[in-house]
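Quick note: the coordinates plus some simple rules give every number you see, no bench work behind them. Predicted model, so just to flag it, every value in this text is computed and none were measured. Don't worry about glycine lacking a Cβ; one is built from the backbone with ideal geometry, like all the others, and counts go over all protein chains shown.
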């Protein structure tokens, strides 16, 4: 995946990406979150959702999650925890829980 951040074009391998989320304060600002770093980039979630339909899943109106990087889904607290990233997690919509579980299962097998 190619993104532009701070005036640089960056190749971000999909297997390094945990999730993409919108900024609550700045319109059209996205945050590409990896285990080690967060890359700010302007754009829309819809664009990235269409480009990578089999890897990313819209689990919340403001978040796309990389299905291949999910370690655990906490259904009690509506949180997604990621492989090798104890301090990183994101929330998901209860409405999307069933579809999230199906998509995650399908991405594993």
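Residues that are surrounded by fewer than 17 Cβ atoms within 10 Å (Cβ to Cβ) and within 17 Å of residue 89 (Cα to Cα) within the stretch 34-48 comprise 35, 36, 37, 38, listed in sequence order.
Residue-by-condition table, conditions (1) buried (at least 19 other Cβ atoms within 10 Å of the Cβ); (2) part of a strand (DSSP E or B); (3) on the phi < 0 side of the Ramachandran plot:
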site: 27; (1), (2), (3): no, no, yes
site: 32; (1), (2), (3): yes, yes, yes
site: 50; (1), (2), (3): no, no, yes
site: 64; (1), (2), (3): yes, yes, yes
site: 77; (1), (2), (3): no, no, yes
site: 80; (1), (2), (3): yes, yes, yes
site: 87; (1), (2), (3): no, yes, yes
site: 96; (1), (2), (3): no, no, yes
site: 102; (1), (2), (3): no, no, yes
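Taking residue 18 as the residue in question, decide whether it is in contact with a strand residue (DSSP E or B) (Cβ under 6 Å, 6 or more places away or on another chain) and closer than 25 Å to residue 109 by Cβ. So residue 18 fits the description; yes.
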